Amino acid sequence: MKLYCLSSDAAKPCFVLSFKELMIMLDCGLSAQSVLNFLPLPPVPSTRLAALPAYTPPHLNDPLLEGELKECCGRVFVDSIPEFCPPLDKVVDFSQLDVVLISNYTCMMALPFITEDTGFKGQVYATEPTLQIGRFYLEELCTWLSAAGAGLAARRWKELVHVLPGPLAHASRPRAWRRLYGRAALARALARVRVVGYDERVPLYGALDATPVSSGFCLGSANWVLRTPHEKIAYVSGSSTLTTHPRPINQTALRGADVLLLAALTQTPAHNPDHMLGDLCVHAAVTLRAAGSVLLPVYPSGVLYDLLECLSTHLEGAGLAHVPLYVVSPVADSSLAYSNILAEWVSAGKQARVLVPEEPFPHAALARAGRLRHARALHDDAFSADFRQPCVVFCGHPSLRFGAAVHLVELWASNPAHAIIFTEPDFPYMDALAPFQPLSMKAFHCPIDTSLNYAQANKLVRELRPRELALPEQYAAAPAGPGARVEAGADGCIVHLPRHDTLVHVERHATHVFCEGRADVRQALRRALAACTPHV
């Protein structure tokens with residue numbers, strides 16, 4: 001078995017498993033951390049952003065660099081269309097991939113980079129909610145970035161990154177960053193996806209079976225179990241043991257694996273999701289009572305459903321039921337409508353409401369009562385005519401580099417009565433706000449990440465009892481403290497998978513491990529497995 005790690009972002013994983021002469025990709029997450037190095041793309045031209053001074057490194061006279069960099073409050077940004085960091089394409093030939101297995105809609109954003117113009121001829125598998133909600137995410141991104149047009153193609157700065165100030169100087173592999181794909185490539189990529197259901201056994205070319213089982217993280221999220229008559233591999237990605245709106249995690253199907261590959265643990269281990277949700281409601285109520293409005297830069301699905309339910313209930317109890325809630329997204333109507341027809345994918349409590357019959361989520365009732373309104377864009381005539389303050393606005397993107405949120409921050413930044421509340425864990429909130437400084441509006445950080453934390457992951461691993469546990473190397477450097485690391489347990493061993501050019505090769509019944517890649521990687525892995533006998 002060979003296992004390749006193609007992503008440097010453990011929260012947006014991408015692995016390739018070479019097993020039984022098949023090449024199987026496990027997730028294709030797209031890291032968006034790179035967009036924080038770019039200036040925002042406002043939907044309405046911003047005189048403030050246009051007036052930012054150009055930046056040139058000291059003692060450097062390079063005419064090709066002119067106009068590519070700008071400075072805001074001591075930080076340098078690239079003035080160009082934001083670029084993303086797709087999975088590595090030099091380690092594995094994507095044309096040789098046989099199968100792509102998707103865990104959830106947050107881990108499929110790089111799919112067109114994998115399947116289009118690469119010679120890919122394989123099959124992609126995902127659950128129906130993963131496909132449909134992933135489509136909402138991808139179409140929203142395409143809408144925002146295609147509206148920016150071709151724009152300036154800033155490339156020279158990548159050649160001079162070593163002389164630039166931080167954090168640009170510390171950017172990871174900027175030459176590999178790419179602009180987002182177009183709508184045509186997106187449509188072709190999504191057309192390749194075959195929909196599967198929970199516990200459905202999918203034969204893969206007669207060599208093994210793949211089965212998606214509920215992971216408890218979001219609507220349609222799945223862990224994958226790969227089986228042959230003699231081996232079992234479990235891939236656990238984006239899982240949760242908390243009680244939220246998705247169907248609970250299926251642990252039984254994961255027990256007794258020869259190898260357990262664990263990825264996409266929480267990005268905010270120090271923040272309890274329940275406490276953060278309570279803090280969010282309090283901050284929102286205090287702001288609204290002071291006649292300020294609240295902006296929540298969010299994705300068009302996922303935690304949004306919980307936020308609408310909990311915040312509307314809290315505001316009603318606080319005597320603020322008259323405050324309107326707005327959802328602004330190119331896919332707002334589709335996302336809100338689709339979530340209420342997914343009865344088989346939600347928790348038992350939500351399913352019980354369908355039998356009454358009621359919608360699983362309350363946002364349809366909120367819309368009928370006039371408390372919730374949605375629009376495709378801020379400039380829609382109906383939305384503009386109806387808009388009133390104080391209010392709560394849910395819109396994207398959480399990075400504040402494109403989308404309706406950019407314009408609202410520009411509009412409200414100088415008013416300390418307004419507030420912006422960050423709930424998505426994907427981006428450091430101070431980095432997201434950096435191009436908008438100086439900022440007078442209040443900013444609150446209430447990250448809500450229901451993925452497994454280290455203590456929950458350790459408990460899960462002990463219950464599943466895998467023979468071997470494989471993890472991204474980021475989890476080996478977890479902060480010190482009780483329950484801050486993931487351990488294999490007494491009966492198994494642990495392998496940390498370094499990023500980039502690492503390849504792990506483990507042979508059944510062998511007494512040693514073969515590792516290809518950097519010498520330091522080989523030595524580290526041999527030390528880690530010195531006391532273990534591989535079983536796969």
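The values are calculated or read from the model by the stated rules, or taken from the named source; none is laboratory data. What you are looking at is a predicted structure, and each value in this text was computed from that prediction instead of being measured. Ideal geometry is used to build each Cβ from the backbone, glycine not excepted, and the neighbour counts take in all protein chains shown. Keep in mind that these areas ignore ligands, DNA and RNA; they rest on the heavy atoms of the full protein, side chains included. Shrake-Rupley method; radii C 1.70, N 1.55, O 1.52, S 1.80 Å.
I'm trying to understand the selection: among the residues of region 224-281, which are farther than 17 Å from Arg467 by Cα, in a helix (DSSP H, G or I) and touching a residue at least 24 places away in the same chain (Cβ under 8 Å)? Selection gives Pro273, Met276, Leu277, Asp279, Leu280, Cys281. The lone criterion from (1) crowded, with 20+ Cβ neighbours inside 10 Å; (2) at pLDDT 95 or above left unmet by Gly220 is number (2). Beta carbons closer than 6 Å, at least 6 apart along the sequence or on distinct chains, pair a first residue in region 407-418 that is within 19 Å of Pro43 (Cβ to Cβ) with a second that is in a helix (DSSP H, G or I) for Val409/Phe436; Ala413/Phe436; His418/Trp412.
Answer yes or no: is there a residue in region 6-16 that is of a type in the set (Ser, Thr, Tyr), assigned to a loop (DSSP other than H, G, I, E, B) and open to solvent by 10 Å² or more (accessible area, probe 1.4 Å). So far as region 6-16 goes, yes, one or more of its residues are of a type in the set (Ser, Thr, Tyr), assigned to a loop (DSSP other than H, G, I, E, B) and open to solvent by 10 Å² or more (accessible area, probe 1.4 Å). In region 374-381, the count of residues that are assigned to a strand (DSSP E or B) and open to solvent by 60 Å² or more (accessible area, probe 1.4 Å) is one or more. Kindly indicate which of Glu83, Glu68 is over 17 Å from the mean Cα position of the chain (by Cα) and either closer than 21 Å to Glu159 by Cβ or open to solvent by 20 Å² or more (accessible area, probe 1.4 Å) (or both). Unique residue meeting the criteria: Glu68. Within region 90-113, the residues that satisfy the criterion of being open to solvent by 10 Å² or more (accessible area, probe 1.4 Å) and either within 20 Å of the chain's Cα centre (by Cα) or at positive phi (or both) are Thr106, Met109, Phe113. Could you tell me whether region 66-77 includes any residue that is closer than 30 Å to Tyr454 by Cα and touching a residue at least 40 places away in the same chain (Cβ under 8 Å)? Checked against the condition, which is being closer than 30 Å to Tyr454 by Cα and touching a residue at least 40 places away in the same chain (Cβ under 8 Å), region 66-77 yields no hits at all. Here is the figure for region 370-426: residues that are at positive phi and modelled with pLDDT under 95 total 2.
Is one or more of the residues making up region 303-317 more than 26 Å from Leu452 (Cα to Cα), touching a strand residue (DSSP E or B) at 6+ places or on another chain (Cβ under 9 Å) and touching a residue at least 24 places away in the same chain (Cβ under 8 Å)? Yes, because at least one residue in region 303-317 is more than 26 Å from Leu452 (Cα to Cα), touching a strand residue (DSSP E or B) at 6+ places or on another chain (Cβ under 9 Å) and touching a residue at least 24 places away in the same chain (Cβ under 8 Å).
Of all residues in region 434-450, those satisfying the criterion of being out of contact with any His (no Cβ under 9 Å at 6 or more places or on another chain) and open to solvent by less than 10 Å² (accessible area, probe 1.4 Å) are Pro435, Phe436. If you go through region 25-48 and keep only what is over 13 Å from the mean Cα position of the chain (by Cα), farther than 18 Å from Val495 by Cβ and assigned to a strand (DSSP E or B), you end up with Met25, Phe38, Leu41.
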